[in-house]
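Visitor: I'd like to ask you about the structure that follows.
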Amino acid sequence: MRTRVAIVGAGPAGSLLAHLLHGAGIDSVVLERRSRAYVLGRVRAGVLEAGSVRVLRDAGLAGRMDAPTADGGGDPHDGVGLSLDQGHLRIGFTEAVGRRVMLWGQTEVQHDLYDALDADGVTLLDEIDDVELHDLTTDAPSVTFTRDGATQRLDCDWIVGCDGSRGTSRLAIPEDLRRTYERAYPFGWLGILSETPPVDDELIYASHERGFALCSMRHAMLSRYYLQCDDTDVVEDWSDDRFWTELSERLPDEAAAALVTGPSVEKSIAPLRSFVSEPMRHGRLLLAGDAAHVVPPTGAKGLNLAIGDVVLVEAALRRHYDDGDDEALDRYSETALRRVWKAVRFSWWLTTLTHRFPDRDDFDRRIQAAEFHHLATSPHARATFADNYTGLPIPVDQLTTPPEHVTTPQTPTATGARA
Ligand code: RFL
Ligand code: PHB
């Protein structure tokens, strides 16, 4: 089998890339370990940045998202609430930075992407295993994998690793050329979906002595709530009753009074960590999305970073095939990483501001309170929050014109553990 671009992983990064490449007349084959039903059933992200919304619209993927909210379409949000114990503040987006976000679940994005790939006629081979990448530093790389017990080989020009945080693509970069940066947080997020009306029209990020809580939603009768939990907790530790009682404790009184409870229809625990693997290109291998970086969900950045990477990869490959120019491919890793690190910083900062850290003391709580008060009283602080939350630009222009007056820090050699 032969294709121009072999894509490993059919999550949002891999399937969006295949669709964008199809639009550019570049053929690809997507290799996915899981079944279609499994990929379509995963419940994950909920918030799309303004730039991600634009990408989906430009790619013809926004039909259902742009349907009226009352008919099940996406829900544009113009701000979020933050609370610290009983103090509550709202950060408005449009007034601060002139853009907003869209509440539209990753499950829906994935659904639209699989439909689009079907319509495009892109080959997506699912339930494959044992992916191995070969000859990455030659002009003739290939991927081998097993499907239905038989080994197959896919010859290609380029391989894009979109196989998520547990994928193996990044490990194909030799250890002495790869560097990882990691911060594990000493807690997880317990998430539930419940068929109840959301507690508020907007998201609430609540910081409380007992731990963090987040109130989100999918639509008028489907709420998504999260609680900071111990990193050793398992789902069985958390009955629905325990969940609702704990959530009420952590919300400001007014929100707790408005909370409508009901049986959970999904419950899961995710660990929290920040992780970046550099570089994002090695020879004919490019990495995109969670395959190269993971952020704690606090900033709602993971899916959006995956979309940003893929836009850069598609632009760079288009230049290669249309103009025979590889400058953009050569700049891909540094261009993507500059944006990635800003999202890593924001996600780390918001996690630090809103969570309870077991090893921290009253000093840290005072710092959180000062940060919160600064947001409450400074339009500049709120604008910075809104700028990051609604999404920094996807720097396609920087693939060919590096930004002036910006020096990229050299990768330090003495810090950062090797993977
Ligand atoms: P994915 O979605 O993990 O897809 C990777 C795909 O690769 C497949 N795969 C392989 N295929 C072939 N061979 C192998 N060896 C393979 N290994 C893996 C997998 O089966 C899978 O189909 O990565 P991708 O495409 O980079 O997309 C990243 C996003 O899914 C992720 O960043 C977000 O879900 C993170 N995230 C959020 N992001 C946001 O932007 N906004 C949010 O509000 C938000 N909330 C969240 C989140 C993630 C969460 N969890 C579960 C960690 C909330 C939660 C609770
Ligand atoms: C969600 O709705 O799943 C969600 C929203 C905001 C976040 C994380 C997750 O920061």
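The values are calculated or read from the model by the stated rules, or taken from the named source; none is laboratory data. Not measured: the values here are computed from a predicted model. All Cβ positions, glycine included, derive from the backbone under ideal geometry; neighbour counts span all protein chains shown. Please note that ligands, DNA and RNA were not included when accessible areas were found on the heavy atoms of the full protein model with its side chains. Shrake-Rupley method; radii C 1.70, N 1.55, O 1.52, S 1.80 Å.
Visitor: Can you tell me which condition ARG250 does not meet? The list is (1) among the charged types (D, E, K, R); (2) open to solvent by 30 Å² or more (accessible area, probe 1.4 Å); (3) within 22 Å of THR354 (Cα to Cα), and all the others hold.
Guide: For ARG250, the exception is condition (2).
Visitor: Take VAL47 and tell me if it is within 13 Å of ligand 1 (Cβ to nearest atom) and crowded, with 24+ Cβ neighbours inside 10 Å.
Guide: Working: within 13 Å of ligand 1 (Cβ to nearest atom): yes; crowded, with 24+ Cβ neighbours inside 10 Å: yes.
The answer is yes for VAL47.
Visitor: Which members of region 370-400 meet the condition of being buried (at least 16 other Cβ atoms within 10 Å of the Cβ) and in contact with a Leu (Cβ under 8 Å, 6 or more places away or on another chain)?
Guide: Result: GLU371, PHE372, LEU375, ALA376, ALA381, ARG382, PHE385, ILE394, PRO395, LEU399.
Visitor: Separate question: In region 20-44, which residues are more than 9 Å from ligand 1 (Cβ to nearest atom) and at pLDDT below 95?
Guide: Result: GLY41, single match.
Visitor: Among the residues of region 145-164, count how many are open to solvent by 40 Å² or more (accessible area, probe 1.4 Å) and in contact (Cβ under 8 Å) with a residue 60 or more places away in the chain. If you could, list the steps in order and put the result at the bottom.
Guide: As a first pass, look at region 145-164 and keep what is open to solvent by 40 Å² or more (accessible area, probe 1.4 Å): 147-153, 155.
Retained after the next criterion (residues that are in contact (Cβ under 8 Å) with a residue 60 or more places away in the chain): 152-153, 155.
Total satisfying the criteria: 3.
Visitor: Continuing with this model, one more query. Select from region 220-236 the residues that are modelled with pLDDT under 95 and away from ligand 1 (no atom under 15 Å from the Cβ) and write down the one among them that is least open to solvent (accessible area, probe 1.4 Å).
Guide: Among those that are modelled with pLDDT under 95 and away from ligand 1 (no atom under 15 Å from the Cβ), it is ALA220.
Visitor: Report whether or not PRO76 is within 21 Å of the chain's Cα centre (by Cα), within 13 Å of ligand 1 (Cβ to nearest atom), under 30 Å from ASP387 (Cα atoms) and touching a residue at least 12 places away in the same chain (Cβ under 8 Å).
Guide: Values: within 21 Å of the chain's Cα centre (by Cα): yes; within 13 Å of ligand 1 (Cβ to nearest atom): no; under 30 Å from ASP387 (Cα atoms): yes; touching a residue at least 12 places away in the same chain (Cβ under 8 Å): yes.
In short, no.
Visitor: Considering only region 281-328, state which residues are within 13 Å of ligand 1 (Cβ to nearest atom) and among the basic types (Lys, Arg).
Guide: If the condition is that a residue be within 13 Å of ligand 1 (Cβ to nearest atom) and among the basic types (Lys, Arg), then LYS301 is the only one that fits.
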